[in-house]
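Each value in this text was obtained by applying a stated rule to the coordinates, not by laboratory testing. All figures in this text were calculated on a predicted structure; none of them were measured in a lab. Cβ placement follows ideal geometry from the backbone for every residue including glycine, while neighbour counts extend to all protein chains displayed.
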Amino acid sequence: MNDGANRQAKNRSARERLQAERERQKKKDKRRRTLVVAAAVVGVLGLAAVVGLIAANTGKNSAGGGPVIAPSGATGEDSLAIRTGSAEAPSTLVVWEDFRCPACKNFETMYKDTVHELEAKGLLKTDYHLVTLIDGNMGGSGSLKSANAAACAQDAGKFTEYHDVLFENQPPEPDDAYGNNARLLELAGKVPGLDTAEFRRCVEDGTHESWVGKSFEAFRAGDFRGTPTVLLNGKDVLAEQITPQKMKEIVEAAAKGGGTASTSPAASGSPSAAGAPASPASKAKGSPSASRTASPSASARGTGAQGAARE
């Protein structure tokens with residue numbers, strides 16, 4: 001009887017050890033999957049950066065030549081940034097984006113929730129700079145008109161909501177759907193309170209198109225390598241592989257005094273921040289680094305049109 005009881009106890013102990021080992025392995029596998037996913041978040045955009053370095057730009061900026069009218073609350077040098085979040089937030093995110101850029105959509109999809117969460121906590125402010133890179137690469141006016149519409153939404157106090165709607169409904173890169181004001185007005189219907197007579201007039205009149213053009217000029221003068229260009233307290237988010245979780249940790253540490261938000265030109269989004277390398281989806285026309293990097297055969301291919309990984 002004692003031998004039988006001992007065998008049962010040993011068998012039970014062995015099963016328990018086996019179960020415990022299985023649980024440890026599950027946790028280990030879960031951690032590994034988390035790391036792989038985090039690396040993929042930046043990796044997809046990083047691949048876009050590599051291809052973006054050989055992208056040619058055959059077009060030119062299509063902004064109108066009217067008076068430069070900045071949207072309400074625009075900030076930064078020459079009032080070329082639209083700020084979201086509290087001005088008192090200790091950390092600053094600077095984003096250069098094009099609403100037609102697939103890699104920009106990829107970035108927004110991956111980081112949007114984290115950015116909104118940190119802004120809601122008062123820990124982060126974001127300065128958005130709107131550019132028209134894809135209009136130059138692919139032709140059309142969708143980059144310009146969607147950026148103007150977003151600036152009109154800023155006038156109405158609805159920039160964040162409309163900004164997100166534009167990326168969520170982004171057409172394929174070669175499709176210049178955003179060059180049609182009717183489509184931009186249709187999407188405004190997804191943002192409660194935005195589709196007003198004032199907003200429609202602003203969109204139809206292209207009120208802020210010259211301002212968008214000036215923003216793109218600042219982008220080119222800054223020698224940024226492409227879109228999206230994203231700087232967190234002066235650090236290149238994509239080049240340094242700062243995942244959404246890492247971004248959260250950096251911002252929270254800065255708020256607790258564990259880090260210092262940069263006050264360098266790169267952090268403020270000034271064109272003089274050009275020294276910080278970007279991880280682009282598209283190459284800015286005329287950029288010195290473009291002429292140094294792109295080979296003739298590569299340039300002939302132009303930008304990718306099959307999503308962020310080929311942008």
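Which whole-Hz ³J(HN,Hα) couplings does the range 104-115 yield from phi under the Karplus relation 6.51 cos²θ - 1.76 cosθ + 1.60, θ = phi - 60°, glycine and proline marked x?
5, 4, 4, 4, 4, 4, 7, 10, 3, 4, 5, 4
Using θ = phi - 60° and the Karplus curve 6.51 cos²θ - 1.76 cosθ + 1.60, what whole-Hz ³J(HN,Hα) does each residue of the range 155-161 get, with Gly and Pro shown as x?
Once θ is set to phi - 60°, the couplings for the range 155-161 become 4, 8, x, 10, 4, 4, 5 Hz.
When N is the residue count of the range 73-194, what does its C-alpha Rg come to as a fraction of 2.2 N^0.38 Å? Working shown, then result.
Numbers: Rg = 13.9 Å, N = 122, 2.2 N^0.38 = 13.7 Å.
Taking the Cα Rg and dividing by 2.2 N^0.38 Å, one obtains 1.02.
Arrange the peptides 146-154, 187-195, 211-219 so that the one whose residues have, on average, the most other Cβ atoms within 10 Å appears first.
Details: 146-154: 28.3, 187-195: 16.3, 211-219: 23.7.
Highest-to-lowest ranking by the protection proxy: 146-154, 211-219, 187-195.
Output ³J(HN,Hα) for the range 224-241: one whole-Hz value per residue in order, computed from phi by the Karplus curve 6.51 cos²θ - 1.76 cosθ + 1.60 with θ = phi - 60°, and x for Gly and Pro.
5, 7, x, 10, x, 10, 10, 10, 10, 6, x, 9, 6, 4, 7, 5, 8, 6
Among the aspartates and glutamates, which have Cα under 13 Å from the Cα of K145 when same-chain residues fewer than 8 positions away are ignored?
Partners found: D98, D135, D176, E204, D205, E209.
Return the subset of K125/K235; K158/K235; K190/K248 for which the Cα-Cα distance in this structure is over 20 Å, preserving the input order. Spell out each step's value before the answer.
On the way: K125/K235 15 Å; K158/K235 28 Å; K190/K248 29 Å.
Violating the 20 Å limit, Cα to Cα: K158/K235; K190/K248.
Please work out how much length the chain gains when fully extended from A221 to E249, using 0.36 nm per residue of separation minus the C-alpha to C-alpha distance, in nm with one decimal.
Gain on extension, A221 to E249, equals 6.9 nm.
Can you work out the FRET efficiency for the pair A87 and R17, with r the C-beta to C-beta distance and R0 = 45 Å, to the nearest 0.05?
Taking R0 as 45 Å, the efficiency between A87 and R17 is 0.20.
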